[in-house]
Amino acid sequence: FRRVLFRSGQPLTPLHDLVQKSGRATGLVTTTRMSHATPASFATSVPQRGMEDAIAAQYLDKGVEVLLGGGSRHFAAESRADGEDLFGKFRKAGYEVIGKRDELLSVTEVPDRLLGTFWGTHLPYTIDRNHHEEIARQVPTLAEMMRAALKVLDSKPNGFLLQVEGGRVDHAGHGNDPGAIVHDQLAFDECIAVALEYTRDHPDTLVVVTTDHGCGGCQLNGMGASYLDTDKTFFNGIDALSSSFEYLRNQFGVLSRGEFKDLTEASIQLVLTEDQLDVLDGLKSTNYGVSTQLRKWYDPIQRTGVNFTSTNHTGEFV
C-alpha cells in the first residue's frame with residue numbers, strides 16, 4: 001500500500017500535520033540522526049528515507065518546535081549536498097540552535113523553538129558515552145534531551161505531541177552487540193521514568209511505550225551446569241564491557257596497532273594476535289568489516305550468555 005502511494009506521487013500526511021492543525025506543538029527526540037526514519041515519519045513526507053537533506057529542510061518548513069538528536073551533517077552547509085546553511089535558517093526562524101551537552105543543560109530561559117544536533121551522524125552508543133569522557137562532554141543522554149524537550153513543549157498553551165526514540169537499540173541488534181543493546185535499552189528506560197514523572201503533575205497526558213519491531217533476536221541463554229552460571233556470566237560479562245564494536249571499529253586505523261590492541265583488551269577482554277590485526281587491516285575499507293570480525297572473535301554467547309538469531313529485523317512479540 002505504501003509503495004503504491006509513492007508510485008502515484010501522492011505524499012502521505014504525517015502525524016505532525018494533524019497535531020499542528022489541532023493547535024498543538026510537536027517535538028522529536030532521538031539517538032539516531034535527526035533526519036532518520038522514525039522522527040522523519042512523524043513530520044515529513046519524501047519518496048525515499050535516504051533523502052535526509054530534504055527531511056531536515058522539511059522540519060523547518062513544517063515548523064516542528066523541538067528537534068534533538070544527532071545528524072548535524074544534514075543541517076551544516078559544508079556537509080549538505082546543496083551547500084545550504086540550514087542551521088542559519090533555523091536561527092533566523094527563531095530556533096535556539098545548540099550542538100553540545102553543556103549548551104543544552106545550561107539553557108536558563110525556555111526557548112520558543114529548539115534545535116540540537118550533538119554528533120555528525122547517529123549519537124554514539126550509551127556504553128561508549130558512559131565510558132569515554134570526550135563523548136560524554138559532547139553528547140547528552142536521551143533522558144536529558146527528553147527533559148529539555150518537555151520544558152519547551154510544556155510552555156505551549158494547547159498541549160503537544162513528543163516522540164522520543166531510543167533508536168540505537170535497533171542498531172545494536174543489527175550489530176549483535178550485547179553491551180550496546182543493554183545500555184541503550186537502559187537509557188530508554190530512564191525516559192519512561194521521565195514520562196511518568198511528568199504525568200504526575202499533568203495527569204491529562206497520554207504516554208505510549210512501544211517499538212516498531214524486534215532486531216537481532218536478542219536472547220539470554222542459560223549457562224553452566226543446571227544453569228547456575230547464568231547470572232554470573234551475564235551480569236559479569238556485560239559489566240566488563242566498556243566499548244561497543246562500533247567504537248572500536250572507529251578507532252582502528254586511528255590508533256597504533258599496539259594502542260588498538262590494548263584498547264580492545266581493556267574494552268571487551270579480547271586479546272588480539274598480530275595475525276588477527278592483519279585480518280582487520282584488510283577489512284578496514286569496508287563499512288562494518290572490522291566490527292563484524294571483532295564480534296565473531298569476541299563470541300558474545302560464551303562471554304555474556306547473550307545470543308542473537310540474525311543481524312536482521314525479527315518477528316518476536318514486542
_For a quick check of your reading: which helices (runs of 4 or more DSSP H) sit entirely within segment 126-224 and have at least 3 residues that are among the small types (G, A, S) and either on the phi > 0 side of the Ramachandran plot or at pLDDT 95 or above (or both)?_
142-154, 178-201
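Yes/no matrix, rows are residues, columns are (1) more than 26 Å from H213 (Cα to Cα); (2) in contact with a strand residue (DSSP E or B) (Cβ under 6 Å, 6 or more places away or on another chain); (3) of a type in the set (G, A, S):
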{"position": "P14", "(1), (2), (3)": "no, no, no"}
{"position": "D17", "(1), (2), (3)": "no, no, no"}
{"position": "Q20", "(1), (2), (3)": "yes, no, no"}
{"position": "A43", "(1), (2), (3)": "no, no, yes"}
{"position": "G88", "(1), (2), (3)": "yes, no, yes"}
{"position": "R91", "(1), (2), (3)": "yes, yes, no"}
*Can you name every residue in segment 271-318 that is touching a Phe, Trp or Tyr at 6+ places or on another chain (Cβ under 7 Å), part of a helix (DSSP H, G or I) and within 18 Å of G217 (Cβ to Cβ)?*
R295, T304
_Of residues in segment 179-233 being of a type in the set (S, T, N, Q) and under 25 Å from A266 (Cβ atoms), the one surrounded by the fewest Cβ atoms within 10 Å (Cβ to Cβ)_ = Q185
*Before we move on, is L153 in contact (Cβ under 8 Å) with a residue 24 or more places away in the chain, aliphatic (A, V, I, L, M) and open to solvent by less than 40 Å² (accessible area, probe 1.4 Å)?*
yes
_I need the full set of residues from segment 240-254 which are at pLDDT 95 or above and surrounded by fewer than 19 Cβ atoms within 10 Å (Cβ to Cβ), in order please._
A240, S242, N250, Q251, V254
*Read through the list (1) in a strand (DSSP E or B); (2) more than 18 Å from P39 (Cβ to Cβ); (3) open to solvent by less than 30 Å² (accessible area, probe 1.4 Å), then give the number of the only condition that L114 fails.*
(2)
*Does any residue of segment 295-307 turn out to be more than 23 Å from the chain's Cα centre (by Cα), hydroxyl-bearing (S, T, Y) and surrounded by fewer than 18 Cβ atoms within 10 Å (Cβ to Cβ)?*
no
*Could you tell me whether any residue of segment 128-145 is hydroxyl-bearing (S, T, Y) and open to solvent by less than 20 Å² (accessible area, probe 1.4 Å)?*
no
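The values are calculated or read from the model by the stated rules, or taken from the named source; none is laboratory data. In this text, all values refer to a predicted model and were calculated from it rather than measured experimentally. Cβ coordinates were reconstructed from backbone atoms using ideal geometry, including for glycine residues, and neighbour counts include every protein chain displayed. The accessibility values were calculated without ligands, DNA or RNA, using every heavy atom of the protein model including side chains. Shrake-Rupley method; radii C 1.70, N 1.55, O 1.52, S 1.80 Å.
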